[in-house]
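Engineer: This is the structure, below, for whatever I ask next.
The values are calculated or read from the model by the stated rules, or taken from the named source; none is laboratory data. Only a predicted model underlies this, so the values are computations on that prediction, with no experimental measurement involved. Please note: Cβ atoms are built from the backbone with ideal geometry, for glycine as well, and neighbour counts cover all protein chains shown. Heads up: the accessible areas ignore ligands, DNA and RNA and are worked out on the full protein's heavy atoms, side chains in. Shrake-Rupley method; radii C 1.70, N 1.55, O 1.52, S 1.80 Å.
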Amino acid sequence: MARIELPEETRKRVEAIGTTEFVLGIAGPVHPQDLRAKAIEWISSLATTPLKTVIVYMGVDERAQTRPPAGVIEFVPYPPSQGDPSTGPWMEIANAQRSALALASLLQAKVCAVVHSDLAALLDPASRFLVAPVFDGKFDLVSPIYPESKYEGLINKGLLAPLSRALFGRRVRFPLPFDFCASARLLPKLVDPNPPRSQPGAQLLWPSNIVAMEGGQIGQAHIRASHTTQSDGLELSAVLGQLVGSLFQEIEACAAQWQRVRGSQPAEIFGAPPPEGETTETPADVKPLDTHPLFDSFLLGSRNLEEVWRLVLPPVSLFELKRLTRLTPEQFRMPDELWARIVYDFALAYRLRRIGRTHLLGALTPLYLGWVASYAQDVGSTSAAEADQRLDRLARIFESNKPYFLSRWRWPDRTN
Amino acid sequence: MWEHIEQALQDSMGRVTTKIATLLPGILAFILALLIFLILAWLFSVLVRALLKAVKFDERLGSGANTLTEWSPASTPTSLATRIVFWGFVAIGVLVGVSAFEAASAEPAVSAYMFTYLPHIVGAALLFFVGNILARFLSRSVLITAVNLNLHYARLLATGAKWLVLILTTAMALDHLSIGGQIVDLAFGILFGGIVLALALAVGLGSRDLVSRSLEREASRPMETQQEERLHHF
């Protein structure tokens, strides 16, 4: 089944344990004592009767390897992935998530929760909403909703979430989560998705998209954990390329399935959003943002990258972009429809390899900054709830433009 | 007098016909050899394609394929390998054709010269082809990276990178063809040295403004940092 390589000792340990009810997977390196202190308390809060649990974490613990299985809670370390460190933190997290899911699948766990290695989710009482719906058997995956201000997670808000929603048909706010919970039915699919990805080790894990393609039930849970990713020294274009490139790969791999999806279904939400005072929104977030630097980046891109954009975008989009460059920063608004079509055209060019993929994703950055400038102007003086409505409108426009993408996907040369 | 002219014309016509008749077997041998190798090239490329598809070559190549397709985006590794096999056979066909031409013709000197010069032409063409791809790739890489770094002279940098590679490649190709002799080396040295000197002078003379602008930017940075900290892309 799983293509994850596990060392012999880990396999023997798993065989000795046999099966389990619940697996808590830690997606990354963690100190065993810190883990013990936080995880045991969290697990005991999940159910009134003790759950037979295995905690899998990245690391090496000699005692854990040799100790015979005895208690209700077992600890199984798994080795760090041998991936290329230059691929960035997201790829490392995805590899660790896959290792945890593969172990859960081997242990035939009924439920598997995967959390970030900072263990922030275990400190939040609301994180039980991640696990409870899967234990009830009504959901195959519960994805988190993190508390974010309107200027946070913009790649996800402007591109990853609306594109995933439009193509895979589920209204999931964080399609690339750090924490999630999956049912036994979907574990093998998450480890070894169908159709098989050509480079499984070099791809991020998109649980909600995989589960959506398998027809599973997806829920969402408000949790009050926020994670920081080590992104020091990473350029925006590199990160954008990595995240968006991975989603484009996913789209290419599942083309036969997402083409059949029409519209989108809501994913039931558990728990309550944090009260107004507890959000990460600071008083500064309410003030409008100076969008001049973003607008300048967009202008610089449109002056210099037109020859690259011409290989990707149809003439109508190029004309629209040209028109936008004549506006002042205050007047500048990139229509959501144009942004949605740009994203679709880039996804198509990625599949057709019209230009090198690194170049293609690099050329998307100024356009993305143009959208961010437009979004920041729109939500400058609005509340977080109004900003959410603005993002919902964007997602609906991605959905309404899906026929355009479908037609271009099937007959790529028709528009150009 | 007309008889003399007529006789001379008939003689020269006869010589041309004899020459063509002498060359004809060689040309026919060349065409035949080329045709045979074209058929072989087609056969082997079909075989290689089928074999690579059967062993799922593109998928097995994994991350290496990504690197390869960055340079030649429209081609899969299988199609690249197939093309290499095809054109390899065509090149061998040309060489065999030339040697067949030599064997069949009464003018061994021409074919001998062609035979020794042909590898130079192929080598130069290959150099120029690779140089062109490299120049285009580097130019685009520099342009996109410079734009994403907000450098206003991005296009200038990209054009500079492209022409440096093209000039270097042309000089190498001409040197490989033994055209121009030392003039090419000398001209290339002067041109390249001139560009580097011009860049050094431009950087040296322009750096005063650059440093002052950088300092100005540093002075206004607290405002910008506040702005940046409010935006979180990931």
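Engineer: What pairs come up if the first residue lies in segment B:143-158 and is over 10 Å from A:N304 (Cβ atoms), the second is of a type in the set (D, E) and at pLDDT 90 or above, and their beta carbons are under 8 Å apart, counting only those six or more places apart or on different chains?
Structural biologist: B:N150/A:D296
Engineer: Okay, moving on. Write out, first by first residue and then by second, each pair whose Cβ atoms fall under 6 Å of each other, whose residues are 6+ apart or on separate chains, and whose first residue, in segment A:235-263, is within 14 Å of chain B (Cβ to nearest Cβ) while the second is open to solvent by 10 Å² or more (accessible area, probe 1.4 Å) and not in a helix (DSSP H, G or I).
Structural biologist: A:L236/B:H233; A:V239/B:F234; A:A253/A:P195; A:A253/A:R197
Engineer: If I filter segment A:318-333 for residues that are of a type in the set (S, T, Y) and open to solvent by less than 50 Å² (accessible area, probe 1.4 Å), do I get at least one hit?
Structural biologist: Yes, some residue in segment A:318-333 is of a type in the set (S, T, Y) and open to solvent by less than 50 Å² (accessible area, probe 1.4 Å).
Engineer: I'd like the full set of residues that are open to solvent by 10 Å² or more (accessible area, probe 1.4 Å) and at the interface with another protein chain (Cβ under 9 Å from one of its Cβ atoms), limited to segment A:342-360.
Structural biologist: The answer is A:L352, A:R353, A:R354, A:R357, A:T358, A:H359.
Engineer: Just need a number here: residues in segment A:318-353 that are polar (S, T, N, Q) and out of contact with any helix residue (DSSP H, G or I) (no Cβ under 6 Å at 6 or more places or on another chain).
Structural biologist: Taking segment A:318-353 and keeping what is polar (S, T, N, Q), we get A:325, A:328, A:331.
Those left that are additionally out of contact with any helix residue (DSSP H, G or I) (no Cβ under 6 Å at 6 or more places or on another chain): A:328, A:331.
Result for segment A:318-353: 2.
Engineer: Output the residue which, of all residues in segment B:140-199 that are aromatic (F, W, Y) and more than 14 Å from chain A (Cβ to nearest Cβ), is most open to solvent (accessible area, probe 1.4 Å). I'd like the intermediate steps shown before the answer.
Structural biologist: Start the filter on segment B:140-199 by keeping residues that are aromatic (F, W, Y), which leaves B:153, B:163, B:188, B:192.
Within this subset, residues satisfying the condition of being more than 14 Å from chain A (Cβ to nearest Cβ) are B:163, B:188, B:192.
Working: B:W163: 139, B:F188: 45, B:F192: 77 Å².
Out of the qualifying residues, it is B:W163.
Engineer: Also, quick follow-up: Just one of (1) open to solvent by less than 10 Å² (accessible area, probe 1.4 Å); (2) farther than 27 Å from A:L289 by Cα trips up A:A363, so point out which.
Structural biologist: For A:A363, the failing item is (2).
Engineer: Would you check which residues across segment B:98-123 are of a type in the set (S, T, Y), in contact with a helix residue (DSSP H, G or I) (Cβ under 8 Å, 6 or more places away or on another chain) and modelled with pLDDT of 75 or more and list them? First the steps, then the outcome.
Structural biologist: Here is the first cut: in segment B:98-123, the ones of a type in the set (S, T, Y) are B:99, B:105, B:111, B:113, B:116-117.
Right, trim to in contact with a helix residue (DSSP H, G or I) (Cβ under 8 Å, 6 or more places away or on another chain) and you get B:99, B:105, B:111.
Listed by number, the list holds a single entry, B:S99.
So that you can scan it fast, the table gives a plain yes or no per residue for (1) open to solvent by 10 Å² or more (accessible area, probe 1.4 Å); (2) modelled with pLDDT under 90; (3) in contact with an Asp or Glu (Cβ under 9 Å, 6 or more places away or on another chain); (4) of a type in the set (D, E):
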{"residue": "A:F178", "(1), (2), (3), (4)": "yes, no, yes, no"}
{"residue": "A:K189", "(1), (2), (3), (4)": "yes, yes, yes, no"}
{"residue": "A:L204", "(1), (2), (3), (4)": "no, yes, yes, no"}
{"residue": "A:H227", "(1), (2), (3), (4)": "yes, yes, yes, no"}
{"residue": "A:E235", "(1), (2), (3), (4)": "yes, yes, no, yes"}
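Engineer: Mind checking which pairs have a first residue in segment A:329-350 that is under 16 Å from A:Y375 (Cβ atoms) and a second that is open to solvent by 10 Å² or more (accessible area, probe 1.4 Å) and of a type in the set (D, E, K, R), Cβ under 8 Å, 6 or more apart or different chains?
Structural biologist: Pairs that qualify, where the first residue is under 16 Å from A:Y375 (Cβ atoms) and the partner is open to solvent by 10 Å² or more (accessible area, probe 1.4 Å) and of a type in the set (D, E, K, R), are A:R333/A:D378; A:P335/A:E320; A:D336/A:R393; A:L338/A:E320.
Engineer: Next question. Give the number of residues within segment A:241-282 that are of a type in the set (A, V, I, L, M, F, W, C), within 24 Å of A:H222 (Cα to Cα) and at pLDDT below 90.
Structural biologist: Total meeting the criteria: 1.
Engineer: Here's a follow-up. Given the residues A:R326, A:R410, A:R333, A:R351, which is the only one that is among the charged types (D, E, K, R) and within 18 Å of A:L247 (Cβ to Cβ)? Reasoning before the result, please.
Structural biologist: Working: A:R326 fails: within 18 Å of A:L247 (Cβ to Cβ); A:R410 fails: within 18 Å of A:L247 (Cβ to Cβ); A:R333 fails: within 18 Å of A:L247 (Cβ to Cβ).
It is A:R351.
Okay, residues lined up against (1) in contact with a helix residue (DSSP H, G or I) (Cβ under 8 Å, 6 or more places away or on another chain); (2) buried (at least 24 other Cβ atoms within 10 Å of the Cβ); (3) at pLDDT 90 or above:
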| position | (1), (2), (3) |
| --- | --- |
| A:W90 | yes, no, no |
| A:C112 | yes, yes, yes |
| A:S127 | yes, yes, no |
| A:V142 | yes, yes, yes |
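Engineer: Next up: Please work out if B:L9 is closer than 30 Å to B:T82 by Cβ and either within 33 Å of the chain's Cα centre (by Cα) or part of a helix (DSSP H, G or I) (or both). Outline the logic, then answer.
Structural biologist: Working: closer than 30 Å to B:T82 by Cβ: no; either within 33 Å of the chain's Cα centre (by Cα) or part of a helix (DSSP H, G or I) (or both): yes.
Here the answer is no, as B:L9 does not meet what is asked.
Engineer: Then there's this: Considering A:Y151, A:Y146, which residue is open to solvent by 10 Å² or more (accessible area, probe 1.4 Å) and either closer than 20 Å to A:F22 by Cβ or not small (G, A, S) (or both)?
Structural biologist: Working: A:Y151 fails: open to solvent by 10 Å² or more (accessible area, probe 1.4 Å).
Answer to the check: A:Y146.
Engineer: Those residues that are assigned to a helix (DSSP H, G or I) and over 17 Å from A:E337 (Cβ atoms), I need them from segment A:390-416; list them, please. Give the derivation first.
Structural biologist: First, pick out the residues of segment A:390-416 that are assigned to a helix (DSSP H, G or I): A:390-400, A:402-410.
Across segment A:390-416, the qualifying residues are A:W409, A:R410.
Engineer: What single numbered condition from (1) under 16 Å from A:S237 (Cβ atoms); (2) within 14 Å of another protein chain (Cβ to nearest Cβ) fails to hold for A:G380?
Structural biologist: It fails just one condition, (1).
Engineer: Before we move on, is A:S208 at pLDDT 90 or above and either of a type in the set (D, E, K, R) or under 28 Å from A:G241 (Cβ atoms) (or both)? Before you say what the answer is, go through the steps one by one.
Structural biologist: Working: at pLDDT 90 or above: yes; either of a type in the set (D, E, K, R) or under 28 Å from A:G241 (Cβ atoms) (or both): yes.
Here the answer is yes, as A:S208 does meet what is asked.
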